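These notes concern the structure reproduced below.
The values are calculated or read from the model by the stated rules, or taken from the named source; none is laboratory data. The structure displayed is predicted, hence computed values, not measured ones. Here Cβ is always computed from backbone atoms with ideal geometry, including for glycine, and neighbour counts include all displayed protein chains. The accessibility values were calculated without ligands, DNA or RNA, using every heavy atom of the protein model including side chains. Shrake-Rupley method; radii C 1.70, N 1.55, O 1.52, S 1.80 Å.
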2 protein chains.
Amino acid sequence: MEQKKVRNMEQFAAVSGISRPTLSKYFNDPDSVRRSTRDRIEQALTQYDYRPNVYAVNQNRSKTKNIGVVVPNLADPFFSEIGREVELACLAAGYSPILLSSHGNPEQERANLEALRLLKPAGVLLAPFGRASDRADIEAFNKDVPVVLFDANIEGACEAFVGTNNFQSVDLIVEYLCRSGEPPCFFEMKSPSNPNANKRRQAYLESMQRHGHTPHIYQAEGEGWKFEEIGSIEGGRLMSKNALATNTVLCSNDRLAIGMLSAAYGLGIVVGHGEGGALRIAGHDDHPFSRYTCPSLTTIAQDYAAIANRAASTLFRILDAETRLSEREETLYEGKLVMRDSA
Amino acid sequence: MEQKKVRNMEQFAAVSGISRPTLSKYFNDPDSVRRSTRDRIEQALTQYDYRPNVYAVNQNRSKTKNIGVVVPNLADPFFSEIGREVELACLAAGYSPILLSSHGNPEQERANLEALRLLKPAGVLLAPFGRASDRADIEAFNKDVPVVLFDANIEGACEAFVGTNNFQSVDLIVEYLCRSGEPPCFFEMKSPSNPNANKRRQAYLESMQRHGHTPHIYQAEGEGWKFEEIGSIEGGRLMSKNALATNTVLCSNDRLAIGMLSAAYGLGIVVGHGEGGALRIAGHDDHPFSRYTCPSLTTIAQDYAAIANRAASTLFRILDAETRLSEREETLYEGKLVMRDSA
DNA sequence: ACCTAAGTTTTACGCGCGTTAAATACTCAG
DNA sequence: CTGAGTATTTAACGCGCGTAAAACTTAGGT
């Protein structure tokens, strides 16, 4: 099939019998040429192996067809999944996604944005760490390249934010836990690396108040992204000291819950809502592994696909309009309760 | 600090008082200019915001400083970790890594290589699926761009392979299991998506023979990358039917083991080498989560860092020499036994 | 057959940088 | 201070493609 290699558009114009400017139009938008012309070009493409030189194509453009996708940590399955969804949305819209992980390091997030600058992306989809110190950088970046935030919000920054409504989702699971047993205490990290954690704590407090229960919050020492380890060590400490105010624990996220489940197992504490269950543990995020914990983890499922698609389509809207949004948009999706065995 | 933006090298030459060809040399290799010149340039760089246009730089090059890194599935923490190690090695050597995931889909692997072609990478580090059908594509690609394989081998293909010695590692854990209890049976997928699985089965057979035991292999139906699910369903089926020949199971990889542990828990089967343990389960890979399973998983740790660094440095050696290896190289690292509670 | 609007070809320039060759400037040893 | 060797400057071309303007061709309606 694909036979002779053609080195450049000039040559391809020669062998295909189509002028170079027309070819240029075609490669930038196949629909911009007459149907018959398009057919001739595509016919020629089956006979000659030619694809435009990416670098030459982008050299003169001030904006490319690239879209930067930056997530805090690809090693976390949550981000690898939502990152994948975002990638697919970009591809479907004819853009080239460039997926970058900040590897759990805010410094790397800045480096990623710097690196993206050189690639002149048309736009960026960013799941930020949300540290206050990054705000200025990100807003400066947003001045040059439109940025849509997802997963974690930075109040008022960038063009838009798409995420989960933590107040709804936490209330949902708090309500369920209260209804089905003792009201939950809340287990989280002391200095969370993600702003959603703060929302969830707040949501927990409000929800408990609304249901007329006394809230109890336990904050684990430890920094970084080793959530399971922190959940296991600090959660284990709490359980072994019998320090929990109720027999039900809502963890700020699934990875903490996974660590805590592991510690409970080690301590011989039977977790679960069933008979013989001494402790109930619930999480948040529906981590890919939460289905396979022992017992399987009751949690909140975020709507990955909806968040990813909404974030992407919001960015495309900005790119198509070639102007920024008149007003910053915020879209929150509802979480769904996933009832399993742990609570 | 960084003040006036400079649009191109011409302008930067004007403001810095250095000629453009010298600047060009500097940006391609800072050591290639005289020390005093380098200082002047770097002094100017603190006053003016200028960085060469990536696209213009690469337009004329037949090879760039990019290195493609392709892994089968970034959603698998094993690959996200080893991918990260590879990235770091590339950066340390002054190359720009481009990390691509094939999302569990061999078709995507081909697409990734096609996409990389356009980026004219200097070399590619590939963790392949290893299907026979991909071999031709990959070898064709290797003709144009030097490829070093890691994690999964394709016999005789590409410049080199770096991975774990499955025969050593499986023998290590088989020996341990035999020594400490009943000899293991082997649990794997019927049609594994990774060639290491075949090596491990073979290694299990040989090792059992060497130790004078009868091997038993159980193969789970199911395709794709949902290893935990397959391990849980098929492993659960085996356990509930009491079909296992011995009370010790060696799983082809940790994710299968995680699924099986989950199923055992559901069936009320106590797993572990301790008192009361009715079943022992072991894995292979030291998956990041294997420390937090219930019970924690005894497994084999691969030397991620060594594999990644060796693969990268082998590629750099080829790139520096500007010639292919006289002979294909194969480097295997030993796995280490990680003794935890499950076996 | 004629007209018009839309698509195509021809011609030509520019983008930012790599690179070469010849001329010039610098550095350091003797 | 001088000369040899190295580094830098000057001048100029090319890479592959986007794009603009003008001339030309085509499609579709009357």
Quick check, is B:PRO30 open to solvent by 20 Å² or more (accessible area, probe 1.4 Å), within 16 Å of DNA strand C (Cβ to nearest atom) and within 11 Å of another protein chain (Cβ to nearest Cβ)? no
Scanning region A:88-112 for residues that are in a loop (DSSP other than H, G, I, E, B), in contact (Cβ under 8 Å) with a residue 12 or more places away in the chain and within 12 Å of another protein chain (Cβ to nearest Cβ) gives A:SER102, A:HIS103, A:GLY104
Which of the residues spanning region B:327-340 are part of a loop (DSSP other than H, G, I, E, B) and modelled with pLDDT of 95 or more? B:ARG328, B:GLU334, B:GLY335, B:MET339, B:ARG340
Subset of region B:61-81 [within 16 Å of DNA strand D (Cβ to nearest atom) and either surrounded by 23 or more Cβ atoms within 10 Å (Cβ to Cβ) or modelled with pLDDT of 90 or more (or both)]: B:THR64
Specify which of the listed residues (B:ALA56, B:ALA75) is more than 16 Å from DNA strand C (Cβ to nearest atom), in contact with a helix residue (DSSP H, G or I) (Cβ under 6 Å, 6 or more places away or on another chain) and farther than 19 Å from B:GLY163 by Cβ. B:ALA75
Hey, could you check region B:240-254 for residues that are under 26 Å from B:ARG179 (Cα atoms) and out of contact with any helix residue (DSSP H, G or I) (no Cβ under 6 Å at 6 or more places or on another chain) and say which is nearest to the other protein chains (Cβ to nearest Cβ)? B:ASN253
Given the conditions (1) free of Cβ contacts under 8 Å to residues at least 12 places away in the same chain; (2) near DNA strand D (Cβ under 8 Å from one of its atoms); (3) surrounded by 11 or more Cβ atoms within 10 Å (Cβ to Cβ), report the number of the one that A:SER36 does not fulfil. (3)
Region A:207-236, residues that are of a type in the set (Asp, Glu) and within 26 Å of the chain's Cα centre (by Cα): A:GLU221, A:GLU223, A:GLU228, A:GLU229
Mind checking which residues of region B:172-205 are farther than 16 Å from B:ALA282 by Cβ and open to solvent by 30 Å² or more (accessible area, probe 1.4 Å)? B:LYS190, B:SER191, B:PRO192, B:SER193, B:ASN194, B:ASN198, B:LYS199, B:GLN202, B:LEU205
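Residue-wise test of (1) over 16 Å from B:ALA257 (Cβ atoms); (2) in a helix (DSSP H, G or I); (3) aliphatic (A, V, I, L, M); (4) touching a Gly at 6+ places or on another chain (Cβ under 7 Å).
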site: B:LEU149; (1), (2), (3), (4): yes, no, yes, no
site: B:ALA152; (1), (2), (3), (4): yes, no, yes, yes
site: B:VAL162; (1), (2), (3), (4): yes, no, yes, no
site: B:SER169; (1), (2), (3), (4): no, yes, no, yes
site: B:TYR176; (1), (2), (3), (4): no, yes, no, no
site: B:ASN196; (1), (2), (3), (4): no, yes, no, no
site: B:ARG200; (1), (2), (3), (4): no, yes, no, no
site: B:GLU206; (1), (2), (3), (4): yes, yes, no, no
So for region B:5-24 (the condition being under 36 Å from the mean Cα position of the chain (by Cα) and within 11 Å of DNA strand C (Cβ to nearest atom)), does at least one residue qualify? yes
Is it true that A:ALA44 is buried (at least 16 other Cβ atoms within 10 Å of the Cβ) and either of a type in the set (Asp, Glu) or more than 14 Å from chain B (Cβ to nearest Cβ) (or both)? yes
How many residues are open to solvent by less than 10 Å² (accessible area, probe 1.4 Å) and in contact with a helix residue (DSSP H, G or I) (Cβ under 7 Å, 6 or more places away or on another chain) if we restrict to region A:300-322? 5
For region A:33-47, check the following and say yes or no: at least one residue is more than 24 Å from the chain's Cα centre (by Cα) and not in a helix (DSSP H, G or I). yes
Name the residues in region B:1-24 that are buried (at least 17 other Cβ atoms within 10 Å of the Cβ) and not polar (S, T, N, Q), would you? B:VAL6, B:MET9, B:PHE12, B:ALA13, B:ILE18, B:LEU23
From the list A:ILE233, A:ILE269, which one is outside any helix (DSSP H, G or I), in contact with a strand residue (DSSP E or B) (Cβ under 9 Å, 6 or more places away or on another chain) and within 14 Å of another protein chain (Cβ to nearest Cβ)? A:ILE269
Select, from A:LEU256, A:LEU244, A:LEU297, A:LEU332, the only residue that is within 24 Å of the chain's Cα centre (by Cα) and open to solvent by 30 Å² or more (accessible area, probe 1.4 Å). A:LEU332
Subset of region B:299-337 [free of Cβ contacts under 8 Å to residues at least 12 places away in the same chain and among the hydrophobic types (A, V, I, L, M, F, W, C)]: B:ALA321
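Being farther than 23 Å from B:PHE79 by Cβ, open to solvent by less than 30 Å² (accessible area, probe 1.4 Å) and touching a residue at least 60 places away in the same chain (Cβ under 8 Å) is the requirement here; does A:ASN58 meet it?
yes
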Going through region A:58-87 one residue at a time, which ones are of a type in the set (A, V, I, L, M, F, W, C) and either in contact with a Phe, Trp or Tyr (Cβ under 7 Å, 6 or more places away or on another chain) or more than 8 Å from chain B (Cβ to nearest Cβ) (or both)? A:ILE67, A:VAL69, A:VAL70, A:VAL71, A:PHE78, A:PHE79, A:ILE82, A:VAL86
If you go through A:LEU250, A:LEU315, A:LEU319, the only one that is in contact with a Leu (Cβ under 7 Å, 6 or more places away or on another chain) and over 30 Å from B:SER262 (Cβ atoms) is A:LEU315
Hits in region B:40-53 (condition: of a type outside the set (Ser, Thr, Tyr) and either within 11 Å of DNA strand C (Cβ to nearest atom) or closer than 22 Å to B:CYS90 by Cα (or both)): B:ARG40, B:ARG51, B:PRO52, B:ASN53
Report yes if some residue within region A:237-254 is modelled with pLDDT of 95 or more, touching a His at 6+ places or on another chain (Cβ under 7 Å) and more than 15 Å from A:PRO184 (Cα to Cα); otherwise report no. yes
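Look at region A:277-288 and say how many of its residues are open to solvent by 20 Å² or more (accessible area, probe 1.4 Å) and either under 21 Å from A:ARG200 (Cα atoms) or within 11 Å of chain B (Cβ to nearest Cβ) (or both).
The initial filter retains those residues of region A:277-288 that are open to solvent by 20 Å² or more (accessible area, probe 1.4 Å), namely A:277-278, A:285-286, A:288.
If we keep only those that are either under 21 Å from A:ARG200 (Cα atoms) or within 11 Å of chain B (Cβ to nearest Cβ) (or both) too, we end up with A:285-286, A:288.
Summing the residues that are open to solvent by 20 Å² or more (accessible area, probe 1.4 Å) and either under 21 Å from A:ARG200 (Cα atoms) or within 11 Å of chain B (Cβ to nearest Cβ) (or both) in region A:277-288 gives 3.
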Answer yes or no: is there a residue in region B:16-25 that is on the phi > 0 side of the Ramachandran plot and in contact (Cβ under 8 Å) with a residue 24 or more places away in the chain. yes
Restricted to region A:113-135 and to residues being part of a helix (DSSP H, G or I) and within 14 Å of chain B (Cβ to nearest Cβ), the residue surrounded by the most Cβ atoms within 10 Å (Cβ to Cβ) is A:LEU113
Every residue in region A:159-203 that is over 30 Å from A:GLY277 (Cα atoms) and over 16 Å from the mean Cα position of the chain (by Cα), please. A:GLU159, A:SER191
